[in-house]
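The values are calculated or read from the model by the stated rules, or taken from the named source; none is laboratory data. Small disclaimer: the values here were computed from a predicted structure and weren't measured. Cβ coordinates were reconstructed from backbone atoms using ideal geometry, including for glycine residues, and neighbour counts include every protein chain displayed. Ligands, DNA and RNA are excluded from the accessible area calculation, which covers all protein heavy atoms including side chains. Shrake-Rupley method; radii C 1.70, N 1.55, O 1.52, S 1.80 Å.
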Amino acid sequence: MEVIEILQEASNRIYENVKDLAGTEHAAGDFGRGAGGDISRNIDIIAEKTVIEFLKEINFECIVLGEECGRIELSDNPKGYLIMDAIDGSANAVRGVPFFCSSLAFATENKLSSITDGVIKNLANGEMYWASKNKGSFFNGKRINVHKNIPIYKIIGINISGASSDLVKRFLPIFEKNEHLRHFGANALEMAFFSRGLMDIFIDLRGKIRIQDIAAGYLIVKEAGGLLMDTNLNSLDSDLSYETRVSFIAAANKKILDEITSLIDQ
Ligand code: IPD
Ligand code: CA
C-alpha cells in the first residue's frame, strides 16, 4: 500500500467507528489530559485506537505522534512520522455540531516541510480531502485549488477561540471592514475548506495550534496552490515537537494576503 492509501484507509476506519457517536453521552467520557494538553474524550480515544490497530495490522513501520496517545514507536526502523489528530474539533464532535474531522499526515523528517502525504476526513459526512507532495490536492477524487477568481462574497476565516484581548484588538479593522467572517471550530477542516476554494483566507494568530491540528492541512493547502505563511510572512515551517505551537495565515493569493495583513497591522 502507498502511504496515501494507508492514511485514507485509516481515515475511513475512523469514520466507520465514530460516525454514530457524535453528540451522544458516550462520546464525551473523560480520559484525563492527552499528550497535546487537552482532555481526551472517549471519541478521541476510540478514533486513535482505530488508527493504531490498523497500523499494527499492516505492520506500517513508523513513529506515531498522536494528539492524545503521544509518541509511539511502532518499529525500530521507522520510515517516518505519522502525525495524528484522530478527532479535530472535539468540542463540536462531543456536542454534535456537524463540523469535525480526522487529520493524518506522514513526514519523513522532524519538520512540517518534510510532509509527503496528508488526509483530512470530514467525519460528519464522510467527505475526504488528501494530498501527496507534488501531486496536487483532491476532494473526493477531484483535483482542488484555492479560490482563484475575484470572489462574489469574500469569505474570511479567523480562529478567535481563546484569543487574547490584544489580538482581538488587532483584528478589529478586519471585523469592521469585512462582512463575511467565519470560524467553524476545527482548524484542519477549515484548512480543507480553504483549499477547496470555499474561503479566501484563513487566519490563526493565537499561537496555540498544535502540529497535529495542521499537519495534513499544511500539505493540502500548499498542493492546492495556497500561500501558507508564518507571522513574519515567511513560508510556514516548524519541527514536530509536542511543545511547538504555531500561528499561520493561509491565503489564496498575494492580493488578499496584503489586503488583510495591512488591516491587522494598523
Ligand atoms: C481544536 C480545533 C479548534 C482550535 C483549537 C484546537 P482539537 O482541535 O482545531 O478549531 O480552535 O485550538 O485545539 O482540540 O479539537 O483537536
Ligand atoms: Ca484532537
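Scanning the stretch 65-104 for residues that are in a loop (DSSP other than H, G, I, E, B), more than 16 Å from ligand 2 (Cβ to nearest atom) and in contact (Cβ under 8 Å) with a residue 24 or more places away in the chain gives LYS79, GLY80, GLY96, PRO98. Taking the stated definitions as given, is GLY157 open to solvent by less than 50 Å² (accessible area, probe 1.4 Å), more than 16 Å from ligand 2 (Cβ to nearest atom), modelled with pLDDT of 95 or more and assigned to a strand (DSSP E or B)? Taking the combined requirement at face value, the residue satisfies it. When restricted to residues that are open to solvent by 30 Å² or more (accessible area, probe 1.4 Å), part of a helix (DSSP H, G or I) and among the acidic types (Asp, Glu), the stretch 1-55 contains 5.
One residue alone among LEU167, LEU123 is in the same structural domain as HIS183 (by TED's automatic domain parsing) and surrounded by 12 or more Cβ atoms within 10 Å (Cβ to Cβ), and that residue is LEU167.
In the condition set (1) within 13 Å of ligand 2 (Cβ to nearest atom); (2) within 22 Å of GLY32 (Cβ to Cβ), THR50 is compliant with all but (1).
Within the stretch 100-111, work out how many residues are open to solvent by 10 Å² or more (accessible area, probe 1.4 Å) and either among the basic types (Lys, Arg) or within 9 Å of ligand 1 (Cβ to nearest atom) (or both). Number of matching residues: 1.
Evaluated against (1) closer than 16 Å to ILE14 by Cβ; (2) within 16 Å of ligand 1 (Cβ to nearest atom); (3) not aliphatic (A, V, I, L, M), PHE60 falls short on exactly one condition, (2).
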